[in-house]
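Read the structure below first, then the notes.
The values are calculated or read from the model by the stated rules, or taken from the named source; none is laboratory data. Everything numeric here is computed off the predicted structure, so don't read it as measured data. Don't worry about glycine lacking a Cβ; one is built from the backbone with ideal geometry, like all the others, and counts go over all protein chains shown. Accessible surface areas use protein heavy atoms only, side chains included; no ligands, DNA or RNA. Shrake-Rupley method; radii C 1.70, N 1.55, O 1.52, S 1.80 Å.
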Amino acid sequence: MNGVHDMGGMDGFGKVEPEPNEPMFHTEWEARVLAMVRAMGAAGAFNIDTSRFYREALPPHVYLGSSYYKKWLLGLEDLLVDKGFIAAEEVAAGHAVQPPKPLKHGKFELDDVERIMVRGKFGRAATAPAKFAPGDRVRAKNIHPVTHTRLPRYVRGHVGVVERCHGCHVFPDTAATEAGENPQWLYTVVFDGRELWGADADPTVKISIDAFEPYLEAA
Amino acid sequence: MSGHDHDHDHHHHAGHDHSELSETELRVRALETILTEKGYVEPAALDAIIQAYETKIGPHNGAQVVAKAWTDPAFKRALLEDATRAVSTLGHVSRVGDHLVAVENTPQRHNMVVCTLCSCYPWEMLGLPPVWYKAAPYRSRAVKDPRGVLADFGVKLPKETEIRVWDSTAETRFLVLPMRPEGTEGWSEQQLAGLVTRDSMIGTGFPKTPGAPS
């Protein structure tokens with residue numbers, strides 16, 4: 001979706017302000033939110049792409065006005081309500097009032113913690129030969145899906161060069177809407193800064209994205 | 001997906017007043033209560049997740065990988081070829097997931113990593129990302145004005161140095177392999193690891209130099 005989360009190239013947000021000796025969490029609740037998101041995802045309530053989609057779908061002023069973990073909290077609440085794991089009336093009451101919905105992987109327990117400290121695997125077996133190879137010129141398609149996509153706006157319609165092929169991976173665009181993993185070839189595609197930002201752009205800058213094959217066409 | 005029109009969070013992560021903080025805090029506690037009562041999560045498991053993030057992951061893992069690459073040419077080659085596989089051979093930091101890609105800084109090219117769409121970051125190598133990495137100023141400008149962003153960090157590169165920005169748009173994760181500081185000949189891996197900063201592995205900083213205050 002063409003949301004405010006797709007920030008590459010936007011102006012007006014000001015300077016980057018690193019915080020010296022930044023703590024891992026600024027409040028205790030941030031840590032609880034992180035843990036709940038990780039636990040409910042591991043229990044099978046949602047996949048990583050769906051959770052991203054729900055954060056992106058927050059109203060723009062909420063997205064821009066909320067701290068990082070506040071967005072995680074709001075996205076988690078919405079997602080769990082929409083998928084029927086919790087009810088809006090329970091959120092309002094602060095207590096469970098309805099029976100639980102079964103989780104794909106069951107209750108998240110202490111023994112499950114170690115396995116979530118390593119990233120999941122998103123590589124999948126290929127179902128078709130790769131269309132592109134390193135060195136190929138490709139154009140990022142001018143597409144505007146209204147649901148989740150990982151093709152940022154700032155590259156759409158622009159020509160780059162395939163640099164690496166990473167094999168086949170879960171396709172976020174379909175996984176996010178629970179329409180299946182639909183594995184697709186994944187490529188690092190490099191763009192010249194002037195191709196993206198115009199003739200006056202810094203000629204020493206190159207930008208790459210990792211693009212799924214359906215995002216690309218031969219150029 | 002609505003109902004957030006009365007959200008009161010400030011634009012900046014710091015500076016919430018107490019009433020706003022407690023509003024969110026109450027909301028978080030309520031959600032945890034619901035999830036616990038419904039039997040979805042064990043609270044002790046949530047405690048353990050937090051403890052694991054606080055104690056087991058962090059930039060010290062990435063620093064050990066970088067220091068090893070600086071001292072062991074075969075490991076460096078393997079790392080640049082397939083970082084997940086290379087790191088998984090190191091017992092002490094073998095907690096690495098799919099699809100880690102290490103990119104090497106050289107005098108000709110400086111690498112810098114961003115996630116313009118959200119906050120993708122190599123957690124196992126660097127820990128949880130800092131607020132600035134997840135915030136709008138960095139995500140918006142890193143791909144359009146990387147030299148300006150580097151200036152915000154006090155980093156200045158020669159004007160002819162190529163800057164390569166890696167936008168983490170998929171489940172690949174990028175680790176910058178910074179250049180080994182001069183004056184460290186004969187240093188042990190452990191000594192070298194002490195010079196490797198988090199930001200140097202994101203590409204928004206350099207490693208510390210020998211003798212500089214830490």
**For the range A:183-191, Karplus couplings with θ = phi - 60° (6.51, -1.76, 1.60), whole Hz, Gly/Pro x** = x, 9, 5, 10, 10, 7, 10, 9, 10
**Item:** Amide H within-cut-off set for B:Arg173, under 5 Å, with H built and near neighbours excluded
**Value:** B:His99, B:Leu100, B:Val101
**Complete:** Within chain B, the cysteines whose Cβ lies no closer than 4.7 Å to any other cysteine Cβ are B:Cys118
**Prompt:** At each listed q (0.10, 0.13, 0.15 Å⁻¹), what is the log10 of I(q)/I(0) that the Debye formula gives for the range B:36-160 modelled as equal alpha-carbon point scatterers?
**Reply:** -0.43, -0.69, -0.88
**Asked** Any idea what log10 I(q)/I(0) is at q = 0.15, 0.16, 0.21 Å⁻¹ for the range A:10-115, Debye with uniform C-alpha scatterers and no solvent?
**Response** -0.76, -0.85, -1.28
**Asked** If you roll a 1.4 Å probe over the heavy atoms of the protein chains, what accessible area per residue do you get for the range A:138-196, in Å²?
**Response** 35
**Message:** On the Cα set of the range B:106-188, report Rg and Dmax in Å, please.
**Reply:** 13.9, 42
**Item:** 5 Å-binned pair-distance histogram of chain A (Cα, whole percent)
**Value:** 1, 6, 11, 14, 16, 15, 14, 11, 6, 3, 1, 0, 0
**Between A and B, accessible area buried - total, square angstrom, nearest 100, 1.4 angstrom probe** = 8600
**Asked** Percent relative contact order of chain B, based on C-alpha pairs within less than 8 angstrom and at least six residues apart?
**Response** 22
**Request:** Using a 1.4 Å probe over the heavy atoms of the protein chains, calculate the carbon and sulfur portion of the accessible area of the protein assembly as shown as a whole percent.
**Result:** 53
**Prompt:** What is the Cα coordinate range of the protein assembly as shown on the first, second and third principal axes, sorted by size from largest, in whole angstrom?
**Reply:** 63, 50, 43
**Asked** Residue-wise, which Karplus ³J(HN,Hα) couplings in Hz belong to the range A:82-94, taking 6.51 cos²θ - 1.76 cosθ + 1.60, θ = phi - 60°, and x for glycine or proline?
**Response** 4, 8, x, 7, 9, 10, 4, 5, 6, 4, 5, 7, x
**Within the protein assembly as shown, helix-based [θ] at 222 nm, where runs of 4 or more DSSP H residues each add -39,500 (n - 2.57), nearest 500** = -10000 deg cm²/dmol
**Item:** Sorted largest first, extent of chain B alpha carbons per principal axis (Å)
**Value:** 57, 39, 35
**Request:** Just need the relative contact order of chain A here, percent rounded to a whole number, with Cα pairs under 8 Å and 6+ apart.
**Result:** 20
**Asked** Stokes-Einstein D for the range B:155-197 at 4 °C, 1.567 mPa s, Kirkwood Rh over Cα pairs, in µm²/s?
**Response** 96
**Request:** Count charges around B:Cys120 for me, please; just the other residues with Cβ under 11 Å from its Cβ, Lys/Arg as +1, Asp/Glu as -1.
**Result:** +3
**Asked** What does the convex hull of the alpha-carbon atoms of the range B:52-113 project to on average, in nm²?
**Response** 4.8
**Item:** Among beta bridges that DSSP assigns inside the protein assembly as shown, antiparallel share in %, nearest 5
**Value:** 55
**Item:** Along chain B, longest interval not containing exposed GluC sites (Glu not before Pro), exposed being DSSP loop plus at most 13 other Cβ atoms within 10 Å
**Value:** B:1-159
**Complete:** For A:Arg124, the residues 5 or more places away or on another chain with a placed amide H closer than 5 Å to its own amide H are A:Cys168, A:His169, A:Val170
**Item:** Rounded accessible area per residue of chain B, 1.4 Å, Å²
**Value:** 41
**Asked** When the Debye formula is applied to the Cα atoms of the range A:115-219, each taken as the same point scatterer, what base-10 log of I(q)/I(0) results at q = 0.11, 0.14, 0.21 Å⁻¹?
**Response** -0.37, -0.58, -1.11
**Message:** How big is the dipole moment of the range A:108-219 about its Cα centre under a simple scheme where the beta carbon of each Lys and Arg is +1, that of each Asp and Glu is -1, and everything else is neutral? Debye, nearest 20, please.
**Reply:** 400
**Item:** Backbone HN-Hα couplings from phi across the range B:202-207 [Karplus 6.51/-1.76/1.60, Hz, Gly and Pro as x]
**Value:** 9, x, 9, x, 10, x
**Request:** Note down the relative contact order for the range B:105-155 as a percent, whole number, built from C-alpha pairs under 8 angstrom at least six residues apart.
**Result:** 29
